[in-house]
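Down below is the structure, laid out as structure tokens.
The values are calculated or read from the model by the stated rules, or taken from the named source; none is laboratory data. Computed from a prediction, not measured in an experiment: that's the story for all the values here. Neighbour counts are summed over all protein chains in view; Cβ atoms, including those assigned to glycine, are modelled from backbone coordinates with ideal geometry.
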Amino acid sequence: MGYFSPWMIGSFLVSLAMAWHIIRNGKTPLWLLGLAAASFLSFYATIAVWIGYVIFAVIPDLLRSDSARRLKSSMVKVTDPGRDYRVAKRNVELVGSVDSKRALAEECIRSGRFGDAIELYESAMEGPLGGSDPALLKGLGRARMLSGDGALAEAQFVKLKEVDPAAFDADAELDYARALALQGKNDAAVAQYEKVVSRYPGEEARARFGLLLESLGQTARAQALFAEILASVKGAPSHYRSRQREWEALARQHVR
């Protein structure tokens, strides 16, 4: 019975799982040799190989994973929320390139410094080709829209669509709809929202469209959109629900 004790069965399963992990992830065969040798020596030697594998092979892979990098980035933002802005600003001071200015402008938008973002985008566009750079046009349009200047934002998005239709993506289309709404061009805004809401990768477009329709007294259409948001996130993967939490909460506040 000793060979079939719970400890022996458990040891065999752990070793089998380790061997599978070694082979599947392309680890050095020396781990397999070490595991085999340890199994002939003692149970404690096998445990030592398990621990060594976790420390020297598994944990480093986890630390290099995308999830670990995202976690590290989130922790840095929580403990030092201004770090990315300071780094981007330093790059502009040292390099002053178009890319460095664009990166700083994006950080300004994230921190609500829309006026600074506009100045940076305009500065980056002073070069011979800057006025037709899709990334700069799109960024400047967004910064102007967020600052409340719907007319100039609209002009930037119209120019973006002329310069590079492919760059007029779902995000730009949503910002364009918001720029139209800022000016009270409600019919044009509704038509633009109708174009983007079905292709926007998330619930923000639906939520903002619902708010606009609600403000225009189109309650039934607005309620239908809020209900669609709740139905979309219900049963969705946790990562999707996490990213859409703001819009789900908004829909719950407005649905009746």
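In summary, Gly148 fulfils each of the numbered conditions (1) over 30 Å from Glu214 (Cα atoms); (2) under 26 Å from the mean Cα position of the chain (by Cα) with the single exception of condition (1). Could you grab me the full set of residues in segment 25-81 that are hydroxyl-bearing (Ser, Thr, Tyr) and modelled with pLDDT under 75? Matches in segment 25-81: Ser65, Ser67, Ser73, Ser74, Thr79. For segment 230-256, taking the residues that are more than 17 Å from Arg208 (Cα to Cα) and of a type in the set (Ser, Thr, Tyr), the one that is farthest from the chain's Cα centre (by Cα) is identified as Ser238.
Tell me yes or no: at least one residue of segment 117-135 is under 24 Å from Gly202 (Cα atoms) and among the hydrophobic types (A, V, I, L, M, F, W, C). Yes. Taking helices (runs of 4 or more DSSP H) as the structural unit, those lying wholly within segment 113-198 and holding at least 2 residues that are in contact with an Asp or Glu (Cβ under 6 Å, 6 or more places away or on another chain) and either in contact (Cβ under 8 Å) with a residue 60 or more places away in the chain or not basic (Lys, Arg) (or both) correspond to 134-146.
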